[in-house]
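Here the structure is laid out as structure tokens; the discussion comes afterwards.
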Amino acid sequence: MFPVQGKRVLVTSSTEGIGRGVAETFASNGAIVTITSRSREKLESALHHLRRINPAVYGTQSDMTNLDSLNSLVSYALHVMGGIDILVVNSGNPPREPVTFSGTEIQDWEHAIRLYLLSAVSLTKLVIPNMVSRGWGRIFFLSSWTVREPQSILVLADVSRSPLLQLTKILSRDYGKHGITVNTILMGSFPTEGARRTLSRYAESKGLPFDQVWKERVLDPISVGRIGDVKRDLGSLLLFLSSDMGSYITGTGILVDGGTSSAV
Ligand SMILES: NC(=O)c1ccc[n+]([C@@H]2O[C@H](COP(=O)([O-])OP(=O)(O)OC[C@H]3O[C@@H](n4cnc5c(N)ncnc54)[C@H](OP(=O)(O)O)[C@@H]3O)[C@@H](O)[C@H]2O)c1
């Protein structure tokens, strides 16, 4: 579709859900890919699946909330792939979610800020010298449409990942002349285990049937009338932005939400 053959891609938090779909999109288009997650079992299962599509998929255990672990991850990815051309920063979900402000403890905030913000800062600092040395790079922070319209029950995630839009703008200015583009992707709803888990806890807390909550909170607000498909709707956008055709798009937040957001 868009040429990413031979590009070296690091996708974090990618043994399940959105990250895994993104990794599969790059792998099936001929890129060399490194995936990560905390669980060895999930890693092995994802590697088994992805290597049937493309043998050039690598993986290592890594925790987005642990800066030493991210350091080791980048060393590993540089070693096995020989460089990193494309960095896709995806995170898991705060374990306490869904929770409103009054239910949060300060430790939840520390965890969420490590998960979303410090991980992105740290990975970018570790990866960018490699991109600068070759005069080419792509950085994507995977975020949510809800940073523009913050949701009470996603307070930990939405507050912790909002500053990535500011970081995106600043990095795009600092590194644009080095051939590096930086964008935040404001994702809508994708049918992952993580999304189902959060919604099912919310439904339980309200004493409502899961199907009703899924319809009212997830499906009904989507203008195009269907939930997203990671590979088709998000993966193809990332392929386009990773190609030379996407080289004039940087420093911005790009909505891929089927029209969910009502903000102009
Ligand atoms: N799904 C949606 O509709 C949607 C919409 C907008 C934004 N998002 C955001 O997109 C991100 C991914 O969501 P998802 O629905 O794909 O979640 P998911 O189905 O729960 O998958 C999460 C993946 O991240 C890994 N992970 C979790 N915590 C991690 C950590 N601390 N360090 C490293 N890896 C970790 C998990 O593996 P391990 O458990 O083995 O670590 C798993 O591979 C979340 O930040 C979510 O808020 C999702």
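The values are calculated or read from the model by the stated rules, or taken from the named source; none is laboratory data. Predicted model only: the values in this text are computed from it and were never measured. Reconstructed Cβ throughout: ideal geometry from the backbone, glycine too, with neighbour counts over all protein chains shown. Please note that ligands, DNA and RNA were not included when accessible areas were found on the heavy atoms of the full protein model with its side chains. Shrake-Rupley method; radii C 1.70, N 1.55, O 1.52, S 1.80 Å.
If the range 1-62 were replaced by its equivalent ellipsoid, with semi-axes equal to the square roots of 5 times the Cα gyration tensor eigenvalues, what would those be, largest first, whole Å?
18, 10, 9
For the range 46-169, what is the Kirkwood estimate of the hydrodynamic radius, computed as the reciprocal of the mean inverse distance between distinct Cα atoms, to one decimal in Å?
15.8 Å
Can you run phi through the Karplus equation (6.51, -1.76, 1.60; θ = phi - 60°) for the range 127-144 and list ³J(HN,Hα) in whole Hz, with x for Gly and Pro?
9, 5, x, 5, 5, 4, 5, 9, x, 7, x, 9, 10, 10, 9, 7, 10, 9
Can you run phi through the Karplus equation (6.51, -1.76, 1.60; θ = phi - 60°) for the range 101-110 and list ³J(HN,Hα) in whole Hz, with x for Gly and Pro?
3, 5, x, 8, 10, 4, 5, 5, 5, 4
Return P(r) of the range 116-264 (all Cα-Cα pairs; 10 Å bins starting at 0; whole %; ordered from short to long distances).
It works out to 11, 36, 33, 15, 5, 0, in whole percents.
Of 111, 79, 48, which has the most accessible area and how do the rest follow, probe 1.4 Å?
Details: 111 60, 79 150, 48 120 Å².
Largest to smallest exposure gives the sequence 79, 48, 111.
As an exercise, take the mean of 1/r over every pair of distinct alpha carbons in the chain, invert it, and state the Kirkwood radius in angstroms.
Answer for the chain: a Kirkwood hydrodynamic radius of 18.6 Å.
From the helices alone, meaning DSSP H stretches of at least four residues, give me the mean residue ellipticity at 222 nm for the chain, per-run term -39500 (n - 2.57), in deg cm²/dmol to the nearest 500.
Value at 222 nm, helices only, nearest 500: -12500 deg cm²/dmol.
Would you work out which of 255, 58, 140 lies farthest towards the positive end of the dipole of the chain, given +1 charges on the beta-carbon of Lys and Arg and -1 on that of Asp and Glu, about the Cα centre?
Going by the Cα projections, it comes out as 58.
After finding the eigenvalues of the alpha carbon gyration tensor for the range 60-114, what semi-axes result from the square roots of 5 times each, listed largest first in whole Å?
On the way: eigenvalues 181, 24, 12 Å².
Semi-axes, largest first: 30, 11, 8 Å.
On the protein heavy atoms, probe 1.4 angstrom, tell me the percent of accessible surface of the chain carried by carbon and sulfur.
Percent of accessible area from carbon and sulfur atoms in the chain: 52.
Given the options 85, 63, 244, which has the most mean-square fluctuation in a GNM of the chain, springs set between C-alpha atoms less than 10 angstrom apart?
Largest GNM mean-square fluctuation: 244.
Mind checking which aspartates and glutamates have their Cα closer than 18 Å to the Cα of residue 177? Skip sequence neighbours fewer than 8 apart in that chain.
Within the straight-line cut-off, residue 177 pairs with 85, 244.
Please compare each pair in 169/231; 42/169; 7/125; 125/231 to a cut-off of 24 Å on the Cα-Cα distance and tell me which ones are over it.
169/231; 42/169; 125/231
Would you please classify the overall shape of the range 188-261 from the alpha carbon gyration tensor, given that a ≥ b ≥ c denote the square roots of the eigenvalues, rounded means a/c under 1.5, and beyond that prolate means a/b larger than b/c while oblate covers the rest?
prolate
Count the net charge of all other residues whose Cβ sits under 15 Å from the Cβ of residue 48, scoring Lys and Arg as +1 and Asp and Glu as -1.
Here the charged neighbours net out to +1.
So if R0 is 25 Å, what FRET efficiency would residue 52 and residue 79 give, r being the distance between their Cβ atoms, rounded to the nearest 0.05? If you can, show how the numbers build up before the last one.
Details: r = 24 Å, r/R0 = 0.95.
FRET efficiency, residue 52 to residue 79: 0.60.
Rounded to the nearest 20 Debye, what is the dipole magnitude of the chain about its Cα centre when Lys and Arg each give +1 and Asp and Glu each give -1 at the C-beta? Walk me through the numbers on the way to the answer.
Details: 27 positive and 23 negative charges, 112 e Å.
Charge dipole of the chain: 540 debye, to the nearest 20.
What is the angle, in °, between the Cα long axis of helix 17-28 and the longest principal axis of the Cα atoms in the chain? Nearest 10 is fine, range 0 to 90.
The helix 17-28 is inclined about 30 degrees to the chain.
Taking a probe of 1.4 Å, how large is the accessible area per residue of the range 77-211, in Å²?
So the range 77-211 comes to 45 Å² accessible per residue, rounded to a whole number.
Tabulate in residue order the Karplus-calculated ³J(HN,Hα) for the range 70-84, using 6.51 cos²θ - 1.76 cosθ + 1.60 with θ = phi - 60°, rounded to whole Hz; enter x for Gly and Pro.
With the stated coefficients, the range 70-84 comes to 5, 4, 5, 4, 5, 4, 4, 5, 5, 5, 6, 9, x, x, 10 Hz.
In a shell of Cβ-Cβ distance under 10 Å around residue 189, excluding residue 189 itself, what net charge do Lys and Arg (+1) and Asp and Glu (-1) give?
+1
According to a simple spin-label model (label point 7 Å from Cα along Cα-to-Cβ), what is the distance in nm between residue 232 and residue 204?
3.2 nm
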